[in-house]
Each structure stands twice: as C-alpha cells, then as structure tokens.
Amino acid sequence: MKPILLQGHERSITQIKYNREGDLLFSVAKDTVTNVWYSVNGERLGTYNGHTGAVWCVDCDWDTKNVLTGSADNSCRLWDCETGKQLALLHTNSAVRTCGFDFSGNIIMFSTDKQMGYQCFLNFFDLRDPQQIEDNQPYLSVPCSDYKITSAVWGPLGEFVIAGHENGEINQFSAKSGDILKKVKEHTKQINDIQTSVDLTMFITASKDNSAKLFDSASMDHIKSFKTERPVNSAAISPIMDHVVMGGGQEAMEVTTTSTRIGKFEARFFHAAYEEEFGRVKGHFGPINCVAFHPDGKSYSSGGEDGYTRIHYFDPQYFDFELEA
C-alpha cells in the first residue's frame with residue numbers, strides 16, 4: 001500500500017473532499033489556498049485563489065460544476081470548478097467554519113463562528129436566486145446562541161442539516177423553517193467532524209472525547225461507538241465495506257511534547273458492525289486532521305497537521321478481509 005503524497009500546502013490541512021465520481025480531490029489548509037488534485041495519480045489540477053485567511057472548509061456539488069469554500073477571512077466563496085473563476089463572494093461577520101451544497105446543488109449552507117461579539121449563525125442561500133447573493137441576504141439564518149457549530153452536513157433529500165456543536169450536541173436544523181427537529185447529546189466534548197455515508201442514511205461523528213459514533217440520519221438514533229485513547233479529529237464511512245476510518249492524535253499545540261513514535265499519528269480502521277479495530281496506517285508527522293474514503297471504496301485519503309495529503313490505495317487483500325467474530 002504505497003501512498004501518493006500530495007504536496008501543495010504550506011500549512012496544516014483543514015479538510016479534504018472527493019467529488020461524487022471521485023476523480024477529483026479537493027484540499028484546503030490554513031495557508032489560504034484551495035487545491036484540486038487528480039485522485040488517480042496525485043497530479044495537481046489547479047488552485048482556487050482569493051481567500052486571505054485560513055480556509056476551514058470545502059465542498060463540491062454533485063455534478064462537479066461548483067466549489068464552495070469557507071474561510072477565516074470572514075467570507076464564503078463560490079467557484080467555477082473547471083476554470084477556477086470566483087462566481088460569488090458572501091461576506092460574513094466572523095469566520096466561516098463549515099459549508100456544504102445540498103444534493104441538488106442549488107442550496108448552500110454555511111455556519112459562522114462565535115467570535116468578536118458575533119454569535120454563531122447557520123445561513124442558507126438559494127443559488128437560483130441571484131438577488132440573495134447580490135444583497136448577501138440568506139433566505140434563512142438560524143442563530144445558535146449557546147454553543148457554536150463546529151461541523152455540519154446536509155441530511156438526505158436536502159430537508160435538514162445535521163450540525164455538531166462544541167459541547168458535543170448534535171442538532172437537526174430544518175432547511176425550510178430553521179427549527180431544531182431533533183437533538184441528541186451522545187458526546188461529552190466538542191464534535192470535530194461529521195461525515196455521511198454514501199446514501200446519506202447514516203453519519204459518523206468524530207469527537208474530542210476520544211470516540212467516533214455512528215448515527216441514523218433521519219431518527220438520530222445512536223447505532224455504534226468506536227473508542228480510542230486520543231481525540232478523534234475526523235472519521236469516514238466506507239462506501240463498500242462495513243469499515244470506518246478514523247484520524248486523530250493529540251491537540252496540535254501539544255505535539256511538540258511527544259516523540260513521533262508515541263504521538264500515534266496513524267489512521268485507524270474499525271469494523272462498523274463489531275466496533276473492533278483491525279488495522280492502522282502510519283504516515284503523517286503530526287495529527288491527522290481529516291480523512292475521506294474514495295466514493296468507490298478502493299482508496300482513502302488523509303490530510304495532516306504536517307501539510308501533506310496522502311492518498312492510499314488498498315491492497316487486494318483488504319477486500320477479502322473478514323473479521324473473525
């Protein structure tokens with residue numbers, strides 16, 4: 001399993017995202033650059049330039065026409081995927097922490113941070129209405145006064161957004177009314193990452209409380225838990241196997257106090273049904289900040305605090321692997 005190393009960022013990676021076909025991989029980092037790569041050979045296709053602060057989040061719509069990025073420069077930007085041209089610039093009062101297209105690619109949501117006297121908002125824009133973009137007026141803006149949103153994804157059919165908060169709460173926000181439809185609190189600490197399964201029926205949360213948990217998207221029922229001894233920064237669900245991959249390590253600021261050997265910067269594989277760990281992949285020289293499975297399930301990528309993105313193609317043995325119960 002030889003990784004492809006993508007060197008396109010000068011600072012730590014904040015998020016990586018495949019498009020729906022999986023031929024492209026988008027990476028964003030704290031160095032203001034958004035890169036897009038060919039996932040098959042790791043060749044860089046191009047960059048989306050314009051942000052002036054750390055870029056926290058990236059998303060791509062289902063037909064790979066548009067790319068959405070959110071940044072600490074208090075803006076959310078929409079790009080033409082093919083040409084790299086900036087199509088829209090949405091100014092906010094604080095840093096944009098998470099962003100995403102709904103399945104139709106027509107509605108975008110993004111959340112802003114609670115900072116500098118501004119509270120956290122979850123904003124919804126309809127891209128079919130140019131007036132909303134022009135006036136920078138979302139059709140729906142939901143205030144989250146208590147705890148800020150740290151990660152959010154669209155649920156199935158674009159009816160609601162699943163948001164994780166810094167106190168470990170997970171809420172379903174209706175995209176029509178902005179009401180909280182369901183609320184669960186299974187984690188004790190901040191939720192670092194939420195990712196959905198390929199069919200959007202389940203989602204996995206990665207938390208600072210050293211665990212990742214699998215939930216049903218519609219009912220918000222807690223299905224499985226995966227425990228480690230380090231904060232989990234990111235977790236992803238395999239599209240073809242009953243596997244989840246998790247990346248973590250200690251807080252970036254504590255990294256210098258441990259040697260790389262005991263730093264535990266491996267990607268860890270768990271069986272989704274048995275909650276058993278069955279494999280680890282070493283590689284990064286710092287905590288893993290984000291992991292993502294390729295939509296065909298034959299490879300996965302991880303982005304680290306070291307500024308590298310690594311694409312790992314699985315060996316044939318991986319697909320024959322059966323966990324002995």
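The values are calculated or read from the model by the stated rules, or taken from the named source; none is laboratory data. This structure is a prediction, so every number in the text was calculated from the model and none was measured. A quick note on method: Cβ atoms are made from the backbone with ideal geometry, for glycine too, and the neighbour counts reach across all protein chains shown. All accessible areas refer to the heavy atoms of the entire protein, side chains included, with ligands and DNA or RNA removed. Shrake-Rupley method; radii C 1.70, N 1.55, O 1.52, S 1.80 Å.
Each Lys or Arg adds one and each Asp or Glu subtracts one; over the other residues with Cβ under 9 Å from the Cβ of PRO295, this totals -1. Placing unit charges on the Cβ atoms of the charged side chains and taking the dipole of segment 113-226 about its Cα centre, the candidate lying farthest along the positive direction among THR150, GLN190, ALA163 is GLN190.
Could you check the spin-label model distance between GLU21 and LEU87? Points 7 Å from the Cα along Cα→Cβ, value in nm. Each label point is offset 7 Å from its Cα along the Cβ direction, giving 1.7 nm.
With runs of 4+ DSSP H residues as the only contributors, calculate the mean residue ellipticity of the chain at 222 nm using -39,500 (n - 2.57) per run, divided by the residue total and rounded to the nearest 500.
Working: 3 runs with 15 residues, N = 325.
Computed ellipticity for the chain at 222 nm equals -1000 deg cm²/dmol.
Ligands, DNA and RNA aside, PHE121 has an accessible area near 70 Å² when probed at 1.4 Å.
Listed cross-link partners LYS30/LYS189; LYS189/LYS213; LYS148/LYS227; LYS213/LYS298 are compared with a 21 Å cut-off, the Cα-Cα value being larger for LYS30/LYS189; LYS148/LYS227; LYS213/LYS298. Quick check: Cα centre of segment 151-214 to Cα centre of segment 56-106, how many Å? Between the Cα centres of segment 151-214 and segment 56-106 lies a distance of 20 Å.
The apolar share of the surface of segment 3-318, taken as the fraction of accessible area on carbon and sulfur atoms (1.4 Å probe, ligands and nucleic acids excluded), comes to 48 percent. Sorting LEU5, LEU127 on solvent-accessible area from highest to lowest, probe radius 1.4 Å, gives LEU5, LEU127. Other residues with beta-carbon under 11 Å from the beta-carbon of PRO156 carry, at +1 per Lys or Arg and -1 per Asp or Glu, a net charge of -4.
Tell me, what is the per residue accessible area of segment 3-318 in Å², probe radius 1.4 Å?
For segment 3-318, the solvent-accessible area averages 41 Å² per residue.
By a 1.4 Å probe calculation restricted to protein chains, ILE180 has an accessible surface near 80 Å², given to the nearest 10.
Mind running the shape call on segment 3-318? Use the C-alpha gyration tensor, a ≥ b ≥ c as the square roots of the eigenvalues: rounded below 1.5 for a/c, prolate if a/b tops b/c, oblate otherwise. Could you put the intermediate results ahead of the total?
On the way: a/c = 1.45, a/b = 1.22, b/c = 1.18.
Rounded.
Among residues other than ILE108 with Cβ under 12 Å from its Cβ, the summed charge is -3 (Lys and Arg +1, Asp and Glu -1).
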